Amino acid sequence: MEMERPVNLENELNLKATELRLGLPGNDDQPEKQYSSRSIRSINKRFSSEMYTESDAQKGDHQDPSPATKAQVVGWPPVRSYRRNVLQPKKAEADGAGMYVKVSMDGAPYLRKIDLKVYQSYSELLNALEDMFKCTIGVYSEREGYNGSDYAPTYEDKDGDWMLVGDVPWEMFMTSCKRLRIMKGSEAKGLGCL
Amino acid sequence: MDSISKKTKDSPNSTDSPESTHPSSFPDEVLEGVLSLLSFNKDRSSVSLVCKDWYNAERWTRTKVFIGNCYSVSPEIVARRFPKIRSIILKGKPRFSDFNLVPENWGADIQSWLVVFARVYPFLEELRLKRMTVSDESLEFLAASFPGFKALSLSSCDGFSTDGLKAIATHCKNLIELDIQDNGMDDFGGGWLSCFPENFASLEVLNFASLNSEVNFDALERLVTRCKSLKVLRVNKGITLEQLQRLLMRAPQLMELGTGSFQQDLTPRQCAELESAFSNCKNLHTVSGLWEANSLNLPILYPACASLVFLNLIDATLQSGELAKLLAHCPNLRRLWVQDTVEDKGLEAVGSCCPLLEELRVFPADPFDPDILHGVTESGFVAVSRGCRRLRYVLYFCRQMTNAAVATIVQNCPDFTHFRLCIINPGQPDHLTNEPMDEAFGAVVKTCTKLQRLSVSGLLTDLTFEYIGKYAKNLETLSVAFAGSSDRGMQCVLGGCSKLRKLEIRDCPFGNAALLSGLEKYESMRSLWMSACNVTMNGCRLLAREMPWLNVEVMKDEESDDSHADKVYVYRSVAGPRRDAPPFVMTL
C-alpha cells in the first residue's frame with residue numbers, strides 16, 4: 001500500500017500567507033492540493049481537519065465569511081441542478097436580461113426575485129412590487145419621477161448605472177434591467193430632479 | 001388432493017439442504033400460490049434463500065423487481081432468474097450525480113435493458129427509472145415493444161426530450177401513468193400532450209410539472225374529461241388559475257393535484273368559482289405547484305386544506321405570514337415541503353398548526369447566492385420539534401445551527417428515521433459556542449434508535465463518526481461532506497454500522513487506510529462513493545485485487561496528479577466489470 005508523503009506546508013506558505021482566510025493562527029489546515037481543485041475553487045472554509053483542540057474553542061473566533069471570498073464549490077450545497085436552473089437567472093447571456101432579477105428594498109431584510117417576463121407594462125410591475133413589499137410607489141411623471149411617494153423604484157442597467165424606473169419604453173427597460181432597488185423617497189429625490 | 005394432506009406434516013424448515021433429494025413439503029402449485037401473495041421483495045429474498053425449491057417457486061412468482069444499482073446485475077441475469085416480471089424499478093447513477101459530480105455520458109443507459117426486456121418480458125407493464133440515461137429512441141422502442149405497457153416514471157433521468165414523450169403518448173394505448181420529474185431533458189414544446197389519441201381514456205396519473213413549455217389547454221381539458229379514473233394530475237406553470245378551475249370541475253375525483261401558476265389577478269367571481277372547485281374535490285389529499293402564489297390567491301385553497309396530508313410548497317416562495325395563514329387551515333398535514341423564505345417565524349406556525357406532521361423539508365430559496373444571509377436557523381427547527389412530536393423525516397437547509405438546538409430537537413422527536421441536516425457553509429461550527437457540531441449528531445444517533453438515513457454537515461471531527469459507529473445500529477444510508485479529521489472517522493463508521501448499505505463521501509480527509517478498512521464490508525453494501533478525499537490509485541487497485549466481486553471505478557479530474565483517485569465508486573456486482581464504461585471511467 002502506498003504511503004502518502006507527508007505534505008510539506010512550508011512550500012505553500014508564500015501563497016498561504018497572502019490568502020484571505022478565517023482559520024485560527026496555528027491551525028494546521030489541510031492544504032488545498034489534497035482536494036480536487038475542481039471541487040473547491042476559492043475556498044474560505046474554516047476547516048480544522050487536524051486535531052481540533054479545546055484552546056481553539058476558547059479563542060471564540062466568530063464565523064462570518066465575507067461574501068466576496070465565499071467558497072464556490074462544485075455541487076454544493078446539495079440542491080438538484082434541475083432546481084438550480086429554475087432559480088438562477090442566466091448570467092452567461094450576453095444581453096444580460098435573463099428575466100429573473102433581484103429586487104431589494106431599503107430597510108427590508110430580505111431580497112426577492114421576480115421574473116420580468118411576467119409583466120406587460122410598468123404599471124403591472126409596480127403593482128406587483130407594491131404588493132410584494134407592502135409599500136406605495138405612486139405614479140410616475142416624466143418631470144418629477146416619483147416625487148411625493150414614500151418609495152421610488154430604481155434599476156441597475158447594463159452599463160451599471162442606477163436609473164429611475166419608467167423613463168424608457170417598457171421593452172427597452174426589460175432588456176436592460178439587471179436588478180431593481182426600491183429606494184426610500186427621500187433618497188430618490190436626487191434622481192427625479194435631473 | 002391426497003398429496004397435500006400427506007405432506008403437510010413435514011415442516012418446510014426440515015428441508016435443510018439446497019439440493020434436497022426428498023420432495024418439498026408442498027407441491028409446486030401450492031408453494032407458488034402461497035408465495036405469489038408475498039409483495040415485499042425483502043420477504044421474497046428471504047424466502048428464496050430457504051432451499052432450492054423455494055428459490056424456484058419464488059422466482060416463478062415474482063412479478064416486480066427492484067434493482068437499486070443497474071450495474072450490480074445484468075439484464076440477462078435478471079431475465080434468466082425471473083421469467084414473469086411485469087414491473088421494474090431501476091436506479092442508475094450515484095446520487096451525487098444530482099449535484100453535477102458525475103460527468104455526462106457516464107452510463108446507466110436503459111437501452112440495453114429494454115432490448116432484453118422486449119425479448120423476455122413482452123407483457124411488461126411498469127418501468128420506474130431513477131438517474132438513468134434514456135434516449136428518445138429508447139422511449140420509442142419502449143412504446144413499440146410492450147403493447148400492454150401501463151406506467152412510466154422518470155425521475156432525475158437525462159438524455160430524452162419531449163419527442164420521446166410524443167412516442168409514449170401516441171403508442172401506449174393502455175397507459176395508466178406518465179410521471180416526469182426533475183429530469184435533465186430537452187423541452188421542444190408542449191405538443192406531446194396532444195398526441196394522446198382522442199379515444200384514449202385510461203390515464204390515472206399524469207405529472208408534467210417540470211416541463212416548461214405550454215401544452216394545448218383544450219387537448220388537456222379533453223384528456224382530463226375522458227380519463228374518469230384520473231387520480232393524480234400535476235400540471236406545469238403554463239396553466240393559469242382560470243384554466244385550473246376548469247380542470248378541477250372536470251376531475252373532482254382527484255387525490256393529488258399539482259397546480260399551475262397561482263399568480264393570476266382574479267375577479268371575486270373567479271375566486272368564488274375556484275373555491276367552489278376546490279371544495280368539490282373531496283378526495284384531495286396532496287397539493288403541489290402553486291408557482292408565484294401570493295396572499296391574495298392562497299385563500300382559494302382553504303376549502304381543500306382540512307383534508308390535506310401533503311403540501312408541497314417548494315415552488316411557492318411564501319413568506320412567514322402567508323404560510324402561517326395557510327397552515328392554520330391544515331391541521332391534518334403529515335408532510336410539508338417549503339422554501340426557507342418562510343423563515344423561523346413560518347416554522348413556528350408549522351409547530352403550532354400541524355401536530356400530526358411526520359415529514360418536513362426546508363429548501364434554500366437561493367442556495368448559490370452569497371448575498372442571501374437569511375433563511376431558517378436553529379430556532380425554526382426547534383419550534384417545529386416542539387409542536388410536531390411525530391416527526392420522523394427531516395431535510396433542513398440552514399445557515400446556522402447549534403449543538404444544543406439539535407439535542408433539544410431529538411429529545412422532542414426521538415422517532416427520526418431520516419435526519420438530513422445541511423448547514424450551507426461547509427465546515428461551519430456551532431454558531432454560539434464555536435465548537436464542532438459533533439455533539440449534535442452524537443445526540444441524533446444516541447436518541448434516534450430507528451435512524452435509517454443520516455446526512456451530516458458543519459464542522460465535524462472524527463468524534464462524530466465514533467458516535468455514528470457506536471450508536472447508529474440501524475443506519476443504512478450516510479452522506480458526509482467536508483467533515484472528519486482522519487481515517488479513523490470512516491473506519492468507525494464501516495466498523496460499527498452493521499446495516500450500512502450506502503455511503504457517500506465528498507471532500508473529507510479519508511485515505512487508503514479508511515478505504516481498505518471496509519474491505520469485507522462493501523460486499524454487504526450497495527455502494528460507496530468517495531470524491532475529493534485522500535484515496536490514491538494504488539489504494540483502489542489493492543481493493544480491487546482483494547475483492548473480485550466488487551467493481552472499483554475511478555474517475556480522474558483533469559488537473560489532478562497521477563496517483564490521486566479523485567472520484568471513487570465501489571459497488572458489488574454479479575455482472576462483472578462494466579462493458580459500457582466511457583473512457584473517463586477506469587475499472588480497476
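Numbers for the structure displayed
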item	result
For chain B, alpha-carbon Rg relative to the globular expectation (2.2 N^0.38 Å, N residues)	1.04
Ordering of B:511-520, B:193-202 by packing [mean C-beta count within 10 Å, highest first]	B:511-520, B:193-202
Chain lengthening between B:Arg501 and B:Lys228 when straightened (0.36 nm per residue, less Cα-Cα)	94.1 nm
Per-residue [θ]222 nm for chain B (sum of -39500 (n - 2.57) over DSSP H runs n ≥ 4, rounded to 500)	-9000 deg cm²/dmol
HN-Hα J in Hz across the stretch B:180-196 - Karplus 6.51, -1.76, 1.60, θ = phi - 60°, x for Gly and Pro	10, 10, 6, 9, x, 10, 8, 10, 9, x, x, x, 4, 5, 6, 7, 5
Proxy reagent accessibility, fewest Cβ within 10 Å first, across B:Trp192, B:Trp106, B:Trp60	B:Trp60, B:Trp106, B:Trp192
Overall form of the stretch B:385-512 per C-alpha gyration tensor (a/c, 1.5; a/b vs b/c)	oblate
Simple label model, 7 Å out from Cα along Cβ direction - A:Glu187 to A:Tyr110, nm	2.0 nm
Karplus-derived HN-Hα couplings along the stretch B:211-216 (A = 6.51, B = -1.76, C = 1.60, θ = phi - 60°), whole Hz, x at Gly and Pro	8, 8, 5, 6, 9, 6
Normalised per residue, the volume of the convex hull around the Cα set of the stretch B:518-582 (Å³)	85 Å³
Mean projected area (nm²) of the alpha-carbon convex hull when the stretch B:482-563 is viewed from all directions	5.2 nm²
Placed amide H near B:Thr317: partners under 5 Å, 5+ positions off or other chain	B:Glu292, B:Ala293
Amide H contacts of B:Arg506 (H built 1.01 Å from N, under 5 Å, at least 5 apart or other chain)	B:Val480, B:Ala481, B:Phe482, B:Ser531
Given B:Lys345/B:Lys473; B:Lys64/B:Lys166; B:Lys91/B:Lys166; B:Lys52/B:Lys521, the pairs whose alpha carbons are separated by over 29 Å	B:Lys345/B:Lys473
Least to most buried among B:Glu358, B:Glu137 (fewest other Cβ within 10 Å first)	B:Glu137, B:Glu358
Size of charge dipole - the stretch B:246-355 - debye, nearest 20, with Cβ of Lys, Arg +1 and Asp, Glu -1, no other charges	480 debye
Under 19 Å from the B:Asp187 label point (7 Å along Cα→beta-carbon), backbone N, the stretch B:296-326	B:313-317
Anchor B:Lys150: aspartates and glutamates whose Cα lies under 20 Å away (excluding residues fewer than 8 positions away in-chain)	B:Glu125, B:Glu126, B:Asp136, B:Glu137, B:Glu140, B:Asp163, B:Glu177, B:Asp179, B:Glu198, B:Glu204, B:Glu256
Proxy reagent accessibility, fewest Cβ within 10 Å first, across B:Glu214, B:Glu343	B:Glu214, B:Glu343
Cα-only Debye scattering, the stretch B:234-322: base-10 log of I(q)/I(0) at q = 0.17, 0.20, 0.22, 0.23 Å⁻¹	-0.61, -0.88, -1.10, -1.23
Karplus 3J(HN,Hα) series, Hz, for the stretch B:330-342 with 6.51 cos²θ - 1.76 cosθ + 1.60 (x for Gly, Pro)	10, x, 9, 5, 10, 10, 9, 10, 9, 9, 6, 5, 6
Furthest towards positive pole of dipole, B:Thr240, B:Cys227, B:Gly184, structure part the stretch B:183-290, Cβ charges	B:Cys227
Computed FRET value (nearest 0.05) for B:Asn174 with B:Leu38, which takes r as the C-beta separation and R₀ as 35 Å	0.85
Set of the stretch B:139-176 residues, backbone N closer than 20 Å to the point 7 Å along the Cα-Cβ line of B:Glu104	B:139, B:155-165
Point-to-point label distance, B:Phe310-B:Ser46, nm (Cα→Cβ direction, 7 Å offset)	2.7 nm
Student exercise, chain B dipole from Lys, Arg, Asp, Glu Cβ charges, in Debye to nearest 20	2200 debye
Cut-off under 5 Å, modelled amide H: who pairs with B:His564 long-range	B:Met537
Nearest-0.05 FRET efficiency for B:Gln264 and B:Trp60, computed from C-beta distance (R0 51 Å)	0.40
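Any read-out appearing in this document is the output of simple, stated calculations on the displayed coordinates, not a laboratory observation. All figures in this text were calculated on a predicted structure; none of them were measured in a lab. No Cβ is skipped: glycine too gets one built from the backbone with ideal geometry, and neighbour counts run over all protein chains shown.
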